[in-house]
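Beneath this line is the structure, given in structure tokens, with notes to follow.
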Amino acid sequence: MNASKYLIVGSSHAALEAARAIRMQDDAGSITLISRDTHAPYSPTVLPYVVSGRSSADRVSLRTPDYFQAEAINRVTGQALTRLLPAEQAVELEDGQRWHYEKLLLATGATPVIPPVPGLDRIDYRVLRTLDDAIALRDAAGKAANAVVLGAGLVGMHGAENLAEAGIAVSVVEMQSQVLPGYFDAQAAELIRAAFDRQGVTMKMGRRAQRVEPQADGCRVHLDNGEVLNADLLLVGTGVRPVTDYCQGSGLDLDQGILVDDHMATNLPNIWAAGDVAQARDFYSDAKVVTGILPDAVEQGRIAGMAMVEDPALQPYRGGVPINTYTFYGQQAISVGISDTADTAAQVAVDFDAERGYFQKIILKDGRLQGISAINAALDPGILWQLILRRTDLSEVKAEFLAQPLETGRRLMSDTWR
Amino acid sequence: MGTAYNSITFNQAKCDGCGDCMRACAQAKAGSEDLIHARIQILAREDAPVELAMCRQCGDPKCVSNCPAGALNKNPESGVIDWDANKCVNCLLCTVGCAYGGITFDAAVGHVSKCDGCDGDPACVKVCPTGALEYSTAGSLYRRISEREDLFVPGLSACQGCNSELLIRHTLRNVGSNVVVATPPGCIPGMGTVGYNGRTGTKVPVFHPLLTNTASMLAGLKKQYNRLGRDVTMLALAGDGGVGDVGFQSLSGAAERNEQQLFLCVDNEGYMNTGMQSSGSTPAGSWTSTTPVGEAMQGKRTDAKNMAKIMMMHNCEYVATASLAFMDDYYEKLDKALEASRRGFAYLHVYAPCPTGWRFPASDTIEVCRKQVETNFVTLWDFTPEQGLRFTRSVERPAPISVYLKQIGKYKHLDQAQVDHLQRRVEDQVRSLQAFTHMSAAG
């Protein structure tokens with residue numbers, strides 16, 4: 001049987017960060033990275049830019065070509081993980097090969113959720129999760145005239161913008177009443193939606209695709225209000241779910257994702273999970289959540305790697321904070337922490353100027369920052385993230401912070417953790 | 001393996017918030033007077049210390065880890081985090097990773113910007129009028145030195161946090177193996193350099209003279225080597241007692257005869273190896289086991305003598321002071337001292353705060369070293385007969401002595417009068433040394 005001291009399944013941010021953390025402490029122990037994908041490691045986040053042509057598909061690798069050799073990291077590509085054999089400390093891959101491990105990290109990421117829309121299974125629709133998806137979408141966009149995008153999350157919105165910029169008539173269909181739910185409140189989302197409107201993208205909010213019908217040159221999408229949209233390109237961007245099919249019968253605790261503790265350890269010995277596949281503690285509650293965001297994948301990957309190599313500097317995970325950045329039509333949107341609250345004890349300060357496309361919302365509670373979301377406002381998201389995680393008391397500088405979060409944040413940083 | 005790099009350093013206490021650094025940066029990087037382009041952002045406010053936001057060129061950069069496009073990379077040569085405009089997709093996830101406000105979106109140019117260190121010649125440092133910003137080259141020095149062999153054996157038993165071990169290891173790496181080392185009684189042989197179990201603690205010849213005869217033994221050895229036609233460096237690694245008290249007679253004699261040797265004093269202000277007794281280098285007010293604190297006595301009653309100044313008055317080939325918080329300065333002086341020791345007597349006085357004997361946390365040693373210099377308690381200078389005395393680090397705008405004293409347990413009991421006395425003593429010493437800078441050549 002093949003064997004690797006550290007076996008890492010996956011090859012994006014969480015996996016690569018874990019490998020880095022392991023090599024910091026153990027420069028000799030064998031590390032093997034197994035991936036379903038055959039390309040050099042890349043980030044799902046870069047894919048919309050491959051579609052738009054901003055990034056070329058052969059230049060998006062997260063590591064230089066000589067990195068794996070220099071760090072003595074072995075790679076197995078084009079092989080999905082099919083089975084866990086915890087009793088034997090081994091895994092089985094697609095082609096039947098088995099790998100024995102001393103420590104195993106599951107960083108298998110997520111895969112698109114395909115909504116149960118009747119007729120969808122008979123359509124050659126596009127998704128955007130892998131580099132091959134991106135290349136296929138880019139090629140399809142070159143031939144299309146009318147596109148429908150299902151879902152106004154990050155994938156859907158990026159996809160819509162890319163397709164519209166390529167000269168295609170685009171409609172976005174979103175079940176919820178706003179774009180990017182979870183990252184922005186209704187007011188901010190409206191500002192973003194309006195920008196798409198102005199660019200000629202048709203935004204169908206609060207609408208559901210009821211059925212899809214194949215056509216000779218594409219498909220016809222029937223909405224719940226009776227409207228019918230013709231599309232020669234259909235992009236499904238209705239979210240993702242963790243890839244856990246290989247866990248069946250292994251005894252691994254699963255919920256939406258693989259349940260992990262604050263060291264990213266699963267319930268089984270010598271198995272860790274990190275990134276989009278993991279379900280870890282939420283920062284704001286004791287619940288466990290799948291955050292599915294890049295900075296968190298990096299953080300979780302580093303913690304898992306440090307735990308696997310028994311790095312004495314390991315600090316427990318501080319909890320998942322929703323955090324994202326989103327650029328659209330040259331504008332910048334940032335969201336760190338919660339973007340909306342029903343808590344009456346929270347203080348909410350909103351600064352909004354539709355004319356300038358400016359929005360800034362700060363949510364404080366008990367003098368602590370809970371969340372900040374902004375469009376076209378200069379902020380340091382990394383500093384704000386730290387203020388939330390550290391539960392920094394802002395009571396004494398509250399007025400100042402609300403008026404000038406950028407400068408006050410920097411001053412607090414320089415004074416507190418520099 | 002991690003490695004060290006040159007870096008821009010910021011001393012908050014020296015910054016007056018003038019903003020020249022920001023103007024220089026905006027000009028250098030964007031050809032603009034608009035400070036929004038400055039990649040160094042100082043935050044000045046009345047009655048508050050000046051704060052700073054800029055790229056730290058982190059060793060484990062989160063901006064790089066967060067970049068989905070491979071557009072950010074830590075340059076293994078310069079240590080700078082390089083940004084590749086052709087790969088950047090403007091997603092701003094790097095700004096999420098940075099906890100220091102070091103990489104930010106510049107709306108005027110439409111992409112993120114960060115400090116690139118100006119290729120090792122930072123524009124901000126050059127214009128800083130107060131010396132708050134400096135460009136430390138210690139990193140490249142460490143890299144250079146790390147390529148040389150450590151000539152001490154592993155496992156010397158110095159106390160935790162001891163900077164003498166750091167100092168002697170660095171020193172011998174730089175001096176090389178063509179050397180005879182003398183380590184008179186003190187912490188340096190005490191930690192095992194002269195040997196144990198019948199073997200030496202060095203990979204070069206080493207011997208253990210008496211406290212009294214180090215300089216004269218080295219002088220004799222050197223004469224014999226010269227007679228044999230071999231050019232070998234004579235190096236003494238001595239404590240302040242072996243230099244200024246018991247060892248002074250032979251030291252002074254060797255200096256007066258201009259013997260070819262490099263005499264290095266590791267000054268921890270007392271006999272720390274034998275139980276923290278007071279020496280001639282112990283400053284006034286210090287608690288030691290022979291200058292206790294109680295009803296009759298409040299630490300040492302007399303001031304320390306300034307051994308470096310005394311050696312300068314011997315008109316040696318080279319005399320210098322150094323601190324381990326300023327390694328680049330030390331290495332420059334070590335090179336000069338080595339060169340001078342081929343011609344005659346060279347003396348290096350290195351200040352060596354002692355966590356065990358002075359009672360401060362082992363992790364604070366270098367910070368204590370730094371505060372010694374920043375308060376002028378220790379001044380960094382060198383001397384040659386031709387050049388006279390020259391400060392190698394400005395003595396202008398020192399921090400008050402209390403900033404230094406409060407870190408250290410042996411000064412814990414000091415009353416205001418004692419603090420005032422030490423402050424006066426510091427100022428007197430600086431004035432006295434400044435007078436020597438005005439003389440073209442001592443003689």
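The values are calculated or read from the model by the stated rules, or taken from the named source; none is laboratory data. Computed from a prediction, not measured in an experiment: that's the story for all the values here. Neighbour counts are summed over all protein chains in view; Cβ atoms, including those assigned to glycine, are modelled from backbone coordinates with ideal geometry. These area figures cover heavy atoms from the full protein model, side chains too; ligands, DNA and RNA do not enter into them. Shrake-Rupley method; radii C 1.70, N 1.55, O 1.52, S 1.80 Å.
Some points to look at:
- The smallest convex shape that holds all Cα atoms of the range A:69-208, its convex hull, gives 198 Å³ per residue.
- Members of the range A:321-336 that become less accessible by 20 Å² or more once partner protein chains are added (1.4 angstrom probe, chain alone as reference): A:Thr325, A:Thr327, A:Gln332
- In chain A, the DSSP-assigned H stretches of four residues or longer account for a calculated mean residue ellipticity at 222 nm of -7000 deg cm²/dmol, using -39500 (n - 2.57) per stretch and the full residue count as denominator.
- Note that the protein assembly as shown carries a Kirkwood radius of 31.1 Å, evaluated over its alpha carbons pair by pair.
- Under the convention that each Lys and Arg Cβ holds +1 and each Asp and Glu Cβ holds -1, the size of the dipole of the range A:68-160 around its Cα centre is about 280 debye.
- The range B:7-136 - percent of accessible surface contributed by carbon and sulfur, probe 1.4 Å: 48
- Helix B:365-374 and the long axis of chain B differ in direction by around 90°, with both axes built from C-alpha atoms.
- Using a Förster distance of 30 Å, the FRET efficiency for B:Lys412-B:Asp16 (Cβ separation, nearest 0.05): 0.40
- Size of charge dipole - the range B:149-437 - debye, nearest 20, with Cβ of Lys, Arg +1 and Asp, Glu -1, no other charges: 400
- Across the options A:Gln404, A:Trp385, A:Ile375, the greatest Cα extent toward the positive end of the charge dipole of the range A:330-416 (unit charges at beta carbon of Lys, Arg, Asp, Glu) belongs to A:Trp385.
- As a rough guide to protection, the peptides B:234-243, A:172-181, A:51-60 ranked by mean Cβ packing within 10 Å, highest first, stand as B:234-243, A:172-181, A:51-60.
- Heavy-atom accessible area per residue - the range B:99-222, 1.4 Å, Å²: 42
- Length available on full extension from A:Asp353 to A:Asn2: 0.36 nm per residue minus the Cα-Cα distance, which gives 120.3 nm.
- The Cβ shell under 14 Å around B:Gln261 holds other residues with a net charge of 0, Lys and Arg each +1, Asp and Glu each -1.
- Efficiency of FRET between B:Gln387 and B:Arg227 - r from beta-carbon atoms, R0 35 angstrom, step 0.05: 0.60
- Interatomic Cα distance distribution for the range B:7-136, bins of 10 angstrom, percent: 13, 44, 35, 8, 0
- At q = 0.10, 0.14 Å⁻¹ the log10 of I(q)/I(0) for chain B amounts to -0.80, -1.29, computed by Debye summation with a single uniform scatterer per C-alpha, solvent ignored.
- Protection proxy ranking, peptides B:295-301, B:12-18, B:375-381, A:255-261, average beta carbon neighbours within 10 Å, highest first: B:375-381, A:255-261, B:12-18, B:295-301
- Electrostatic dipole magnitude of the range B:7-136 [Cβ: Lys, Arg +1; Asp, Glu -1; Cα centre; debye, to 20]: 260
- Overall Cα dimensions of the range B:127-284, principal axis frame, Å, largest first: 52, 42, 37
- Chain pair A, B: total accessible area buried, heavy atoms, 1.4 Å probe, Å²: 3100
- Mean silhouette area of the range B:157-238, derived from the convex hull of its C-alpha atoms and averaged over all directions, reads 5.5 nm².
- Mean projected area in nm² (Cα convex hull; one quarter of hull surface) for the range B:388-441: 4.4
- In this calculation the C-beta distance from A:Asp197 to B:Asn75 is compared with R0 = 45 Å, giving a FRET efficiency of 0.55.
- Apportionment of accessible area to carbon and sulfur, the range A:330-416, percent (1.4 Å): 43
- Computed helical MRE - 222 nm, chain B, DSSP H runs ≥ 4 contributing -39500 (n - 2.57), nearest 500: -9000 deg cm²/dmol
- Share of alpha-carbon pairs per 5 Å distance bin for the range A:330-416, given as whole %: 3, 15, 28, 27, 17, 8, 2, 0
- For chain A: rounded, prolate or oblate by the Cα gyration tensor [a/c cutoff 1.5]: oblate
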